[in-house]
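Taken together, the values in this text are just the output of simple stated rules run on the coordinates, not laboratory data. Model, not experiment: these values are computed from the prediction.
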Amino acid sequence: MFTIPTLPKILLIVLVIAVVWWWHRRNQIKKREQAELERNPRNRAKSKPANPIEDMTQCKVCGAYVPASGAKNCGRPNCPF
Ligand SMILES: [Zn+2]
């Protein structure tokens, strides 16, 4: 026998639909945020260190490690820098 849904039943159905809709929206927002994060190069650059580690070269005479760009003479007469 067909029974007319009572008010609590209707409310329950509406609540279930609302929860499903809310969950769907939440997933969509999460997906969009993730896509924007991957698309935006500025956000990607944030994960990288501001200054890349410089190549170091060792002075054969004094044995000191100096950055390859901006090497200074250590003062010894036969220093290559
Ligand atoms: Zn040197």
Given H placed on each backbone N at 1.01 Å, which residues far from Thr57 in sequence or on other chains put an amide H within less than 5 Å of it? Val66, Ala68
Given only helices, namely DSSP H runs of n ≥ 4 each adding -39500 (n - 2.57), what is the per-residue ellipticity at 222 nm of the chain, to the nearest 500 deg cm²/dmol? -16500 deg cm²/dmol
What do you get for the angle between helix 7-39 and the principal long axis of the chain? Use alpha-carbon atoms, 0 to 90 degrees, nearest ten. 20
